[in-house]
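Trainee: Structure below; questions to follow.
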Amino acid sequence: MSEPLLLVEPRGQASRLLASLEAERLRSESDVRDALERHRRRAIWVAPNAPAIRLLVAALAGRSRGDQRLLSLEPANGARHGLLHAIFRFVVSADEGVSLLPTDELADVLGSPHREDLFVGAAIATDDAAVVLYRGSLDPLVVPLAWFRVRHGGPRADPSRLSVSDFGQTVRLGDYQAATDAVLYEFDDAYRRRAKKRQIQQDRSFGGALRRLRLQNGLYRTDFPGVTAKEIARIERGEVKKPHPRTLAAVAKRLGVRPESIASF
Amino acid sequence: MTARRTRAGALHADPTRAVGEPRLEVKIRDRERLEPPHVTILHRTRAWRFDVRSEKLLDMEPDPNEVPGEVLDAVCANLAPLRAEWDRMFPENPVVSREPDDE
């Protein structure tokens, strides 16, 4: 978890639903200003109600710095919306058209060590045929509506009923459900690289080792003289349990290792 | 484990009765990462993908040991309908197919 979490709770205005959230509590204008000074590079601020927003605006107007992000559980339309956007880099608020997770689920997502891989809210950009999904880090992610394609015999994605559920792990468009994991895998290069890396690290098979070693060496399956690409593919998929010693020798020679050491990669 | 579909949509199985934990769900959603065919066990902010081909958990994070054994038992006991459901939802990537070359 990279960014500190700052919960703005003016005295007497504590939010019961966020009671379990592990965050720094800010009760006064001086608390807010001190927090900005301490976390000048980046922080996530949570404002659960209108008094919290008023406190934030009073304390931070004209003092904005760094990459500050705000999650407001209170709608912030009109002039206040503009004001908050002038102070914070990203503002996610329960405005008209933005659907946030229920507050108890929000608290879990914000407290998760992988909050950037979960969604806290969603909005539909109808004119642009797109969905804006807000991650637990409050970064927005834009997904074309067309990506939520209908399966044969499955439900249509209904943008008018867009929401996030399952503690940020599912995007719902009416009866249609999409896995957050699938969305991120498709639209976030960094997430996909992390997922791939984990997948490769977990594969302890001989085929997995061969594949890692081949890719480390920047080789294609067609780069092994005397062994067909199809044969390499079959070994990597685990379809050939005991490759022929001649095949192994040829593969090892091309990779610059001893045949018996391939499995160690 | 009881299972229901949301109007021909995602499969949603409720293993609550198996483990007495109301926040546990087993799902196949309309849009999933397709490789390999799987169901997802969801518990609050955590999720484990269970490969319905190899009958193994796909991910080492979160810790697979934290999946309640009763839930895995319930998934395994319902493998045939879960596989059929996957094939119905994703006929382009059926459970019996071989994984494609990924190069």
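Trainee: So for each of B:33-39, B:68-74 I average, over its residues, the number of other beta carbons within 10 Å; can you give me the resulting order with the highest mean first?
Mentor: Numbers: B:33-39: 19.1, B:68-74: 17.0.
Final packing ranking: B:33-39, B:68-74.
Trainee: Same structure again: Report relative contact order for region A:1-119 in percent, whole number only (criteria: Cα-Cα under 8 Å, sequence separation at least 6).
Mentor: 26 percent
Trainee: How big is the protein assembly as shown on each of its three principal axes, counting only the C-alpha atoms and giving the largest first in Å?
Mentor: So the three principal-axis extents are 76, 47, 42 Å.
Trainee: Could you put B:MET89, B:MET60 in order, starting from the residue whose Cβ has the fewest other Cβ atoms within 10 Å?
Mentor: Fewest-to-most Cβ neighbours within 10 Å comes out as B:MET60, B:MET89.
Trainee: Any idea what % of Cα-Cα pairs in region A:1-96 are farther than 24 Å? Spell out each step's value before the answer.
Mentor: Numbers: 490 of 4560 pairs.
Above the 24 Å cut-off, region A:1-96 has 11 percent of its Cα pairs.
Trainee: Compute a Gaussian network model of chain A, connecting alpha carbons closer than 10 Å, and tell me which residue from A:ARG16, A:ARG198, A:ARG214 fluctuates the most.
Mentor: Among A:ARG16, A:ARG198, A:ARG214, the largest mean-square fluctuation in the Gaussian network model of chain A belongs to A:ARG214.
Trainee: Applying a 10 Å radius around every beta-carbon, put A:226-239, A:128-141 in order of their mean neighbour count, most first.
Mentor: Most protected by this proxy first, the peptides run A:128-141, A:226-239.
Trainee: Continuing with the same structure: Percent relative contact order of chain A, based on C-alpha pairs within less than 8 angstrom and at least six residues apart?
Mentor: Numbers: 436 pairs, mean separation 28.3, N = 265.
This gives 11 percent for chain A.
Trainee: Moving on to the next point. Treat every Asp and Glu Cβ in region A:127-265 as -1 and every Lys and Arg Cβ as +1, leave all other atoms uncharged, and give the resulting dipole magnitude about the Cα centre to the nearest 20 debye. Don't jump to the answer; show the numbers that get you there.
Mentor: Numbers: 26 positive and 16 negative charges, 217 e Å.
Computed about the Cα centre, the dipole is about 1040 debye.
Trainee: To the nearest 20 debye, what is the magnitude of the charge dipole of region A:114-188 about its Cα centre, counting +1 on the Cβ of each Lys and Arg and -1 on the Cβ of each Asp and Glu?
Mentor: Using Cβ point charges on Lys, Arg, Asp and Glu, region A:114-188 gives about 280 debye.
Trainee: What residue among A:GLN169, A:GLN199, A:GLN216 shows peak mean-square fluctuation when chain A is described by a Gaussian network model with Cα springs under 10 Å?
Mentor: Among A:GLN169, A:GLN199, A:GLN216, the largest mean-square fluctuation in the Gaussian network model of chain A belongs to A:GLN216.
Trainee: Between region A:104-166 and region A:17-75, what's the alpha-carbon centroid distance in Å?
Mentor: About 25 Å separates the Cα centre of region A:104-166 from the one of region A:17-75.
Trainee: Once you average over the residues of B:23-29, how many Cβ atoms of partner chains fall within 10 Å of each Cβ?
Mentor: For this peptide, the per-residue mean of nearby foreign Cβ atoms is 4.
Trainee: I would also like to ask the following. Cα centroid distance between region A:209-265 and region B:27-53, in Å?
Mentor: Between the Cα centres of region A:209-265 and region B:27-53 lies a distance of 31 Å.
Trainee: For a test of the definition: using alpha carbon positions, the gyration tensor, and the 1.5 limit on a/c, classify region A:95-202 as rounded, prolate or oblate.
Mentor: Details: a/c = 1.73, a/b = 1.21, b/c = 1.43.
Oblate, since a/c reaches 1.5 and b/c is not below a/b.
Trainee: Set Lys and Arg Cβ to +1 and Asp and Glu Cβ to -1, take the dipole of the protein assembly as shown about its Cα centre, and tell me which of B:VAL52, A:LEU73, A:GLY153 lies farthest positive.
Mentor: Farthest towards the positive pole: B:VAL52.
Trainee: May I pose another question? Counting only other chains, what is the mean number of Cβ atoms within 10 angstrom of the Cβ of each residue in peptide B:39-50?
Mentor: Counting Cβ atoms of other protein chains within 10 Å of each residue's Cβ and averaging gives 5.
Trainee: If you put +1 on each Lys and Arg Cβ and -1 on each Asp and Glu Cβ, how big is the dipole of chain A around its Cα centre, in Debye rounded to 20? Could the numbers behind the result be given before it?
Mentor: Numbers: 42 positive and 33 negative charges, 337 e Å.
Taking the Cα centre of chain A as origin, the dipole is about 1620 debye.
Trainee: If you take the square roots of the eigenvalues of the alpha-carbon gyration tensor of region A:192-265 and sort them as a ≥ b ≥ c, do you get rounded (a/c under 1.5), prolate (a/b over b/c) or oblate?
Mentor: Working: a/c = 1.66, a/b = 1.57, b/c = 1.06.
It is prolate, given that a/c is not under 1.5 and a/b is the larger ratio.
Trainee: Let me ask something else about it. If you keep only loop residues by DSSP, which GluC sites (Glu not before Pro) in region A:73-173 have at most 11 other Cβ atoms within 10 Å of their Cβ?
Mentor: A:GLU96
Trainee: How many partner chain Cβ atoms sit within 10 Å of a residue's Cβ in peptide A:161-167, on average, as a whole number?
Mentor: On the way: counts 0, 0, 0, 0, 2, 11, 7.
Rounded to a whole number, the mean comes out at 3.
Trainee: Name the residue farthest towards the positive end of the dipole of the protein assembly as shown from the options A:HIS244, B:THR40, A:VAL120, assuming +1 on Cβ of Lys and Arg, -1 on Cβ of Asp and Glu, about the Cα centre.
Mentor: A:HIS244
Trainee: What does a probe at A:ASN77 reach in region A:126-150, counting residues whose amide N is under 19 Å from the point 7 Å along Cα→Cβ?
Mentor: Hits in region A:126-150 for A:ASN77 at 19 Å: A:126-127.
Trainee: Right, here's the next one. With unit charges on the beta carbons (Lys and Arg positive, Asp and Glu negative) and the dipole taken about the Cα centre of chain A, which residue among A:GLN169, A:GLY97, A:ALA47 sits farthest to the positive side?
Mentor: Of A:GLN169, A:GLY97, A:ALA47, it is A:GLN169.
Trainee: If neighbour count is taken as other Cβ atoms inside 10 Å, put A:LYS241, A:LYS196 in order from fewest to most.
Mentor: Numbers: A:LYS241 9, A:LYS196 12.
Going from sparsest to densest Cβ surroundings: A:LYS241, A:LYS196.
A short reminder: the numbers here are calculations on the coordinates, not readings from a lab. Please read all numbers here as calculations on a predicted model, not as lab measurements. For neighbour counting, all protein chains shown are included, and Cβ atoms are generated from backbone atoms with ideal geometry for every residue, glycine included.
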